[in-house]
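Okay, so here's the structure we're looking at.
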Amino acid sequence: MPHEDSNIVLTKHEGLGNDFLIAVEPARPLTADDARAWCDRHRGVGADGLISLTSVVRGSATGAGLAVMALWNADGSAAEISGNGIRCVAQALAMHSGVCGPATFEVGTDAGLRRLSLDPTDDPHIVNVRVDMGSAGVGVADSTAWADLGVELIRQQGVDLGNPHLVALVDEPDRYDISVVGPKVEAAYPDGLNVHLAKVIDRHSVTMKVWERGSGVTEACGSGACAVGVATTDWGLVDSPITVNMPGGAVTVEVGETVHLTGPARFIARVEMP
């Protein structure tokens, strides 16, 4: 099809297999219907979420680039923040601004302002991004569903990172089908939440499986990795920095007054939607 100025230009990125479609200053406001249509893996482009970036201001040599972010899950539900998604945002903003070297960005989200620091790698399609994810707050109440699901729970903790998480410490996450456990635990919470099964490996390493609100089973969850890092730190089981291993790969979580997340983002493709 010939190019039309009214086409919506998207770039597709992934962070450890958690993939997103990103529109920088789209030609029209995007909607939940766009997310459902475009994120569909059979009738659309396919992604775990859709991100719109507006009010974009290019950074200078002494200042950060600025943008405002809106995020929809694949089912069209709105999400406050995504740790993997916002790393992809940093790469999309760098590409949009023509930045090839290190860069910083400040992005307004429904979970608050987030500061991103991007560094290139030897692969031109991959960058590393460190995100200040803000302070962790007290999360949701404990779930009572574990025993009925056959999960041998060691302990659990709700963590609020601008979006809701429930971290369950178990002896071995692979013993349980997160596609069954996740939605049944989530169903008891009217606003939904992300459910994580975690295991401590050593003082600086944990592993986890992910159920994401609005997207289902994903290979990785950046904010979820932060939640697991916070919970296991609160329990006295790990020391920061923490390597959080997920099916899609590993990120680094630093727990302090605020929580920092460091991991890769990879550019996949440029797409035009009529």
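Side notes on the structure shown:
- Among the candidates Ala231, Ala187, the residue that is crowded, with 24+ Cβ neighbours inside 10 Å, under 18 Å from Gln156 (Cα atoms) and not assigned by TED's automatic domain parsing to the domain that holds Ile86 is uniquely Ala231.
The rows are residues; the columns are (1) buried (at least 24 other Cβ atoms within 10 Å of the Cβ); (2) in the same structural domain as Arg115 (by TED's automatic domain parsing); (3) in contact (Cβ under 8 Å) with a residue 60 or more places away in the chain.
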site	(1), (2), (3)
Arg58	no, yes, no
Val68	no, yes, no
Asp75	no, yes, yes
Ala92	yes, yes, yes
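- Of all residues in segment 134-153 being outside any loop (DSSP other than H, G, I, E, B) and touching a strand residue (DSSP E or B) at 6+ places or on another chain (Cβ under 9 Å), the one that is nearest to Cys226 (Cα to Cα): Gly137
- Scanning segment 154-166 turns up one or more residues that are in contact (Cβ under 8 Å) with a residue 60 or more places away in the chain, among the β-branched types (Val, Ile, Thr) and in contact with a strand residue (DSSP E or B) (Cβ under 9 Å, 6 or more places away or on another chain).
- Number of residues in segment 170-186 that are in a loop (DSSP other than H, G, I, E, B) and not acidic (Asp, Glu) equals 1.
- Test: residue in segment 70-83 that is part of a helix (DSSP H, G or I) and either in contact with a Pro (Cβ under 6 Å, 6 or more places away or on another chain) or not aliphatic (A, V, I, L, M) (or both): yes
- The listed residues are Val159, Val167, and the only one of them that is closer than 16 Å to His260 by Cα and either in the same structural domain as Val228 (by TED's automatic domain parsing) or assigned to a strand (DSSP E or B) (or both) turns out to be Val159.
- The requirement of being assigned by TED's automatic domain parsing to the domain that holds Ala220 and under 19 Å from the mean Cα position of the chain (by Cα) is not satisfied by Ala145.
- Test result for Val238, in the same structural domain as Val217 (by TED's automatic domain parsing) and in a strand (DSSP E or B): no
- Check on Gly44, more than 18 Å from the chain's Cα centre (by Cα), part of a loop (DSSP other than H, G, I, E, B) and either small (Gly, Ala, Ser) or crowded, with 23+ Cβ neighbours inside 10 Å (or both): yes
- With respect to the stated conditions, Gly214 is under 19 Å from Val140 (Cα atoms), within 14 Å of the chain's Cα centre (by Cα) and part of a loop (DSSP other than H, G, I, E, B).
- His260, sole failed condition from (1) buried (at least 17 other Cβ atoms within 10 Å of the Cβ); (2) in a loop (DSSP other than H, G, I, E, B): (2)
- Tallying residues that are under 17 Å from Gly76 (Cα atoms) and either touching a residue at least 24 places away in the same chain (Cβ under 8 Å) or assigned to a strand (DSSP E or B) (or both) within segment 187-211 yields 5.
- If the condition is being within 15 Å of His165 (Cα to Cα), out of contact with any helix residue (DSSP H, G or I) (no Cβ under 8 Å at 6 or more places or on another chain) and touching a residue at least 60 places away in the same chain (Cβ under 8 Å), then segment 212-233 contributes Gly214, Ser215, Thr218, Ala227, Val228, Val230, Ala231, Thr232.
- Single residue of Ala250, Ala269 found to be part of a strand (DSSP E or B), of a type in the set (A, V, I, L, M, F, W, C) and in the same structural domain as Ser77 (by TED's automatic domain parsing): Ala269
The values are calculated or read from the model by the stated rules, or taken from the named source; none is laboratory data. Everything numeric in this text was worked out from a predicted model, so none of it was measured. Using ideal geometry, Cβ is built from the backbone for each residue, glycine included, and neighbour counts are taken over all protein chains shown.
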